Amino acid sequence: MSILFPGRLGLAEARIPHIDRHGLVYLSRGNLYVRDGTLTFRAAGSPELEPGEYAVPYQAVSMILLGPGTSVTHDVLRIMARHGTLLAAVGEGGVKYYTAPPMGTGRSATARAHARLWADPEERAKIVRRMYGYRFQAAFPNEDIAVLRGMEGARVKAQYQVLAKQYGIKWKGRKYDRQNPGLNDAPNQAINHAATFVEAAAEIAVAAVGALPPLGFIHEDSSNAFVLDIADLWRAEITLPLAFSVVAKGVEPGALEKHIRYEAARWFRKHKLIPRMIDRIKELLYVTDSGSDP
């Protein structure tokens, strides 16, 4: 167990490392509390941290993600609110996004850049073409959004077929009943589960940078439209391979959600999904790491 120096600015001999340069810290299986003015985490032991007591450098952290098995004291909320550090409850590895306090980061540059680009038809069309370019690794012509959506449909169908063949999955097409999800075949159920987890990762990324979830460039009429935009950027790389890889193992339909959730947590860490989403959002919205417009 590390020893904390007393005092509000105390540091520990063992410091929890940032999982990426954006200042995100993921904590699970332990107790987060304040001692001598220092944010402290007593870890019970997890894949990320050995058992022991750690000081969390909350002044230099933008967001703390609380995974399963964690408890937090009222004093933690007070000290984090005072220093503008965000706190979110998430699933294992970021596969769920349960709740978070208001995402006031103290800067509005990202939100303003987002709103400005979304409100300008020409700029919005440029963002849409860039998103499709990222997804399909191809240049898209200067067409309106309706035409681009039509082109997207044909390419997505091709992706389903190619990836299903790659994983040895019998593919009958993308069909699902939202009212009776259990009636869908295993590949379609698996895609639904995987998409839910990737969307949760995108929610975390969007909240971390202070972007505006309702202002989607491709998706519309959803309070999480921009989240869906970002999640779709990883459909071919993460969502579909994740879903098909679990189905290929012969997992029973009733156990798909559990197996995909565990695999999603592992894939997210392996592929550094949330940090990459954050970088992509900043790139799309032309904002810098400082949160200011370039």
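Can you tell me which of 141, 121 is at pLDDT 85 or above, more than 25 Å from the chain's Cα centre (by Cα) and either surrounded by 12 or more Cβ atoms within 10 Å (Cβ to Cβ) or not aliphatic (A, V, I, L, M) (or both)? Outline the logic, then answer.
Numbers: 141 fails: at pLDDT 85 or above.
So the residue among 141, 121 that is at pLDDT 85 or above, more than 25 Å from the chain's Cα centre (by Cα) and either surrounded by 12 or more Cβ atoms within 10 Å (Cβ to Cβ) or not aliphatic (A, V, I, L, M) (or both) is 121.
I'd like the full set of residues that are surrounded by 14 or more Cβ atoms within 10 Å (Cβ to Cβ) and out of contact with any Asp or Glu (no Cβ under 9 Å at 6 or more places or on another chain), limited to segment 56-68. Spell out how you get there, then give the answer.
Step one: filter segment 56-68 for residues surrounded by 14 or more Cβ atoms within 10 Å (Cβ to Cβ), giving 56-58, 61-68.
56, 57, 58, 61, 62, 63, 64, 65, 66 - these are the residues of segment 56-68 that are surrounded by 14 or more Cβ atoms within 10 Å (Cβ to Cβ) and out of contact with any Asp or Glu (no Cβ under 9 Å at 6 or more places or on another chain).
Given segment 29-77, what strands (runs of 3 or more DSSP E) lie entirely inside it while holding 2 or more residues that are in contact (Cβ under 8 Å) with a residue 24 or more places away in the chain, of a type in the set (Asp, Glu) and in contact with a Ser or Thr (Cβ under 9 Å, 6 or more places away or on another chain)?
Fully inside segment 29-77 and qualifying: nothing.
Pick from segment 42-55 the residues that are within 20 Å of residue 79 (Cα to Cα) and out of contact with any Asp or Glu (no Cβ under 8 Å at 6 or more places or on another chain): which of them is surrounded by the most Cβ atoms within 10 Å (Cβ to Cβ)?
54
For segment 277-294, how many residues meet the condition of being surrounded by 18 or more Cβ atoms within 10 Å (Cβ to Cβ) and either under 29 Å from residue 46 (Cβ atoms) or touching an Asp or Glu at 6+ places or on another chain (Cβ under 8 Å) (or both)?
Count: 6.
Got at least one residue in segment 278-287 being without any contact (Cβ under 8 Å) to a residue 40 or more places away in the chain and either within 13 Å of the chain's Cα centre (by Cα) or farther than 26 Å from residue 170 by Cα (or both)? Let's see the steps before the verdict.
Of segment 278-287, the ones without any contact (Cβ under 8 Å) to a residue 40 or more places away in the chain are 279, 283.
Right, trim to either within 13 Å of the chain's Cα centre (by Cα) or farther than 26 Å from residue 170 by Cα (or both) and you get 279, 283.
Yes, segment 278-287 contains at least one residue that is without any contact (Cβ under 8 Å) to a residue 40 or more places away in the chain and either within 13 Å of the chain's Cα centre (by Cα) or farther than 26 Å from residue 170 by Cα (or both).
Out of all the residues in segment 165-176, is one or more at pLDDT below 80 and touching a helix residue (DSSP H, G or I) at 6+ places or on another chain (Cβ under 8 Å)?
Applying the first criterion (at pLDDT below 80) to segment 165-176 yields 176.
If we keep only those that are touching a helix residue (DSSP H, G or I) at 6+ places or on another chain (Cβ under 8 Å) too, we end up with 176.
The answer is yes, given that some residue of segment 165-176 is at pLDDT below 80 and touching a helix residue (DSSP H, G or I) at 6+ places or on another chain (Cβ under 8 Å).
Looking only at residues in segment 89-100 that are outside any helix (DSSP H, G or I) and in contact with a Gly (Cβ under 9 Å, 6 or more places away or on another chain), which one is surrounded by the most Cβ atoms within 10 Å (Cβ to Cβ)? Reasoning before the result, please.
First, the residues of segment 89-100 that are outside any helix (DSSP H, G or I): 89-91, 95-100.
The next check asks that each one be in contact with a Gly (Cβ under 9 Å, 6 or more places away or on another chain); those that pass are 89-91, 97-98.
Working: 89: 15, 90: 26, 91: 20, 97: 23, 98: 11.
Per the stated criteria, the residue is 90.
Restricting to segment 217-241, what's the tally of residues that are in contact (Cβ under 8 Å) with a residue 40 or more places away in the chain and either not charged (D, E, K, R) or not assigned by TED's automatic domain parsing to the domain that holds residue 115 (or both)?
Start the filter on segment 217-241 by keeping residues that are in contact (Cβ under 8 Å) with a residue 40 or more places away in the chain, which leaves 217-218, 226, 229-230, 232-236, 238-241.
Still in the running and either not charged (D, E, K, R) or not assigned by TED's automatic domain parsing to the domain that holds residue 115 (or both): 217-218, 226, 230, 233-234, 236, 238-241.
Count: 11.
The values are calculated or read from the model by the stated rules, or taken from the named source; none is laboratory data. If you're wondering where the values come from, they're calculated on a predicted model, not measured in any experiment. We place every Cβ from the backbone using ideal geometry, glycine too, and count neighbours over all the protein chains shown.
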